[in-house]
Ligand SMILES: [Zn+2]
């Protein structure tokens, strides 16, 4: 009888019927071992150690040992690949992108997996180091405090310069009304920064008749509960982080309008690896700041254009000049894409 069913040739039906005839098929024995004539995943008749249709192992185990084996194999597989992928992404991003596109898919972490992993790691690190500020009212430590300190020092310098200008103007008998106005502005800025450093919120959002009507509902929400809005913005940013990929791909079409050799798949791989690298920079930067090394973190601002240049040059096999031109365009595009994304998430958060 089983021969007849094999002759049907319909893979799925064959498997189902085989299972119906042999009720024990697919159930493990006392030793947790299975002995199969058909693939347990898709029903195809087995000829070797692996299913020729779907690739699943012919013999599977159903034991605690097998579970740990799967767990360990998964970890080691990921770990093996990630230590091959990360150094390549940092130093030879274009070579990796080209090899991935050309077909070495199993060797590296796929762009999408790397991207999702990095988004997850980035939000975990940013929350852990307090970079995002766990809520709007208490911006603790991290990048934010460093930024505020720098801002305050900058304002102080500016104020001292204005005081000198004012003295000089007075000595010459010139009007100081304009300088006085700028001094008042600096002082107001410094008072705002100090208020935030002491655990306050930024100059509170006020909704009055000057507020444009389209922005009023958003502004009211921010004024009412800045913590909730900040949480919703973070939530939206992580939930819709994948949007950065489709937002960036059209820019790549613009960068390579006449290069038929490179298609949308290639651009998507390039963009996704590139964005993953930039998020890793954010992770590195906030860890450096958290460790009190903000000077080193500042240097990271120079890395993206350099990385983009090398990534573009190697991925698309460009000459130095066209790589520089395209890097300049890409840096501009990146700012636009990030600004669009930020505007969208803030809008969603304040809705
Ligand atoms: Zn199968």
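The values are calculated or read from the model by the stated rules, or taken from the named source; none is laboratory data. In this text, all values refer to a predicted model and were calculated from it rather than measured experimentally. Cβ placement follows ideal geometry from the backbone for every residue including glycine, while neighbour counts extend to all protein chains displayed.
Looking across the range 18-41, just one residue is within 11 Å of the ligand (Cβ to nearest atom) and modelled with pLDDT under 85, and that is 36. Hey, any hits in the range 270-291 for a residue that's at pLDDT below 90 and in a loop (DSSP other than H, G, I, E, B)? Within the range 270-291, one or more residues are at pLDDT below 90 and in a loop (DSSP other than H, G, I, E, B).
Filter the range 94-117 down to the residues that are in a helix (DSSP H, G or I) and crowded, with 21+ Cβ neighbours inside 10 Å and list them by number. The answer is 94, 96, 97, 100, 111, 114, 115.
Within the range 294-351, being modelled with pLDDT of 85 or more and outside any helix (DSSP H, G or I) holds for 316, 317, 318, 319.
Taking the condition over 30 Å from residue 338 (Cα atoms), modelled with pLDDT of 75 or more, part of a helix (DSSP H, G or I) and out of contact with any helix residue (DSSP H, G or I) (no Cβ under 6 Å at 6 or more places or on another chain), does residue 180 pass? Yes: the conditions hold for residue 180.
For the range 42-93, a residue qualifies if it is in contact (Cβ under 8 Å) with a residue 12 or more places away in the chain, in a strand (DSSP E or B) and within 16 Å of the ligand (Cβ to nearest atom), and exactly one does: 45. In the range 298-316, what count of residues is obtained for those that are free of Cβ contacts under 8 Å to residues at least 40 places away in the same chain and surrounded by fewer than 20 Cβ atoms within 10 Å (Cβ to Cβ)? So the count comes out to 9.
When 95, 79 are checked against the criterion of being under 30 Å from residue 243 (Cβ atoms) and modelled with pLDDT of 90 or more, a single residue qualifies: 95.
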